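Working notes, beginning with the structure itself.
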Amino acid sequence: MRSVIARPRLIIALLAACLLAGCGSQPSRIGSAALVGDQAIPVSTVQQRFEAVIGERPQLREQLDEQGRKDELARQIAAFTVRQKLAEVAARRQNLRVSEQEITQWVQQRGGPEAATEGTIFTADEVRSVARSLVLMRKLGSKHLASTSVVFDYTSATSRAEAERKANRMARGPEQAAELIRQDKSGGVPAGSGRELSASRALSFAAQTPLFAAEEGTVLAFPGPGRQSAGQWLVARITERSTGDGDGQSSTPSLGSQGEQLTQAFGARLLGLTAQRVGVELSPRYGVWDPLELTVAPDEGQTSGFRIPERESRA
């Protein structure tokens, strides 16, 4: 029997090809709609959901064709699919589980699969998958609501461009942030330092803002919630973030279904922290990942704001 000895040049060529193709432990970008940490979401998953919903609803297909909004539907489906994966990651890390009985109860409370998915971007066949993710988000919110608080330094802006400039300046470090705040305050701009917020004492606000879902040192810039803040941007640097032991219980049982919805929304917001920690990379075919609203925007200029992690601020 002849022994076969690989030629050195061939080995080098194969290794180079493997590196270029992304061999090894890293997930492949080829055929992926998104990468969530080390997990890939196949394009086929998003495409199948897209085809299912427009196939089941011919009127929706016609409407999207007339308005040229098929891309928008694809972005919405891609965004929720990423949030589902983030919920799985968060649940695995925090030992959260959803039973089949809880899923069944969720569906029954909404009148069954068809009623639960009516007017949504999903079909009745996917209702249990969707329900599992939403219940996970509610459990995540309930677990951390009572114990989560943040301390941040902040200033204001009146346009996206100004907010971006100020965010980049604050991201240079605490000294630059303090100087900017001092200058803005002296000029009559709403600004301050050491502002503390507790999620349980401001649940409605917590459900609308990314402030509670960012690592210490992160700079966030986004439009302020509510009609009164129209045209106003908040630029904030998180200086402290506390979650206690993470065993807190929701303090909003008296709010009934409204409290449950807000707790779920808060849990969904907390996925922003998971996304920051593991990383999310979106295929350009759908647009760009919006790290504040955890959705997909057509391009960088249409994201909801800016998130500059601490690792970038120290660069």
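Scanning the range 142-163 for residues being touching a strand residue (DSSP E or B) at 6+ places or on another chain (Cβ under 6 Å) and not polar (S, T, N, Q) gives a total of 7.
Tell me which of these Thr120 doesn't satisfy, since it passes every other one: (1) in contact (Cβ under 8 Å) with a residue 24 or more places away in the chain; (2) closer than 22 Å to Asp290 by Cα. Unmet for Thr120, out of (1) in contact (Cβ under 8 Å) with a residue 24 or more places away in the chain; (2) closer than 22 Å to Asp290 by Cα: (1). Just one of the listed residues (Val89, Val82, Val150) is surrounded by 21 or more Cβ atoms within 10 Å (Cβ to Cβ) and either assigned to a helix (DSSP H, G or I) or more than 22 Å from the chain's Cα centre (by Cα) (or both), namely Val82. Among the residues of the range 73-88, not a single one is out of contact with any Asp or Glu (no Cβ under 6 Å at 6 or more places or on another chain), free of Cβ contacts under 8 Å to residues at least 40 places away in the same chain and not assigned by the TED database to the domain that holds Thr239. Within the range 46-71, residues that are at pLDDT 85 or above have Cβ atoms under 8 Å from residues that are among the charged types (D, E, K, R) and part of a loop (DSSP other than H, G, I, E, B) in these pairs: Gln63/Arg69, counting only partners at least 6 apart in sequence or on another chain.
Being assigned by the TED database to the domain that holds Ala199, surrounded by fewer than 19 Cβ atoms within 10 Å (Cβ to Cβ), modelled with pLDDT of 95 or more and of a type in the set (Gly, Ala, Ser) narrows it down to one residue among Ala115, Ala161, Ala167, Ala157; which is it? Checking each option against the conditions leaves just Ala161.
The values are calculated or read from the model by the stated rules, or taken from the named source; none is laboratory data. Predicted model only: the values in this text are computed from it and were never measured. Every residue, glycine as well, gets a Cβ built from its backbone with ideal geometry; the counts of neighbours run over all protein chains shown.
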